[in-house]
Amino acid sequence: MNELEEKHRLRANGCGCLLALIGCLLPIICFFIAIFLFFQSTFREVTNEKVIFESSSPNENYTLSIIQRGIGFHGKYMFYIEVDDGIRTEVNIVCHENFDASNVLIEWNDDTNATITLYGDYAQTIYFTAPNNFELQSLY
């Protein structure tokens with residue numbers, strides 16, 4: 001009976017160690033899966049950029065591009081306004097309808113100053129002054 005009790009004790013210890021190992025590794029595995037999914041969604045969000053509107057200054061010194069990054073939480077569209085040299089500013093637009101080029105107005109005052117108006121649920125006006133200065137104003 002001593003030998004049989006020893007086998008049961010070893011088997012119970014082995015099962016206990018296995019359960020402890022699974023209990024320790026499972027949260028770590030879940031953490032790494034969550035990190036992987038976060039970075040994958042961030043990468044996908046960045047690569048899904050789409051230029052919806054472009055406008056050049058009168059003498060074509062500067063080009064402004066309105067780039068849609070994606071739709072965020074509660075219908076909030078994420079946009080970049082990019083100058084041709086790669087400088088960007090991020091703009092959040094609340095719009096519960098499709099946002100396209102018809103919702104964008106860029107008026108050039110001269111080669112270095114422009115007024116960008118984005119029409120969503122409320123209009124947002126961004127003033128551009130070269131080189132690469134953006135000033136955002138929201139009109140309610």
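Mind listing whichever residues of the range 102-114 are loosely packed, with under 11 Cβ neighbours inside 10 Å and closer than 22 Å to G70 by Cβ?
Once the filter is applied, which keeps residues that are loosely packed, with under 11 Cβ neighbours inside 10 Å and closer than 22 Å to G70 by Cβ, the range 102-114 yields only S102.
Quick check on the range 62-95: of everything there that is farther than 17 Å from N113 by Cβ and β-branched (V, I, T), which residue is modelled with the lowest pLDDT?
Top of the filtered list is I71.
May I ask you to verify whether I22 is assigned to a helix (DSSP H, G or I) and either at pLDDT 75 or above or in the same structural domain as T129 (by TED's automatic domain parsing) (or both)? Outline the logic, then answer.
Values: assigned to a helix (DSSP H, G or I): yes; either at pLDDT 75 or above or in the same structural domain as T129 (by TED's automatic domain parsing) (or both): yes.
Taking the combined requirement at face value, the residue satisfies it.
The values are calculated or read from the model by the stated rules, or taken from the named source; none is laboratory data. Bear in mind the structure is a predicted one, so any value in this text is a computation, not a measurement. Virtual Cβ from ideal backbone geometry, glycine too; neighbours counted across all protein chains shown.
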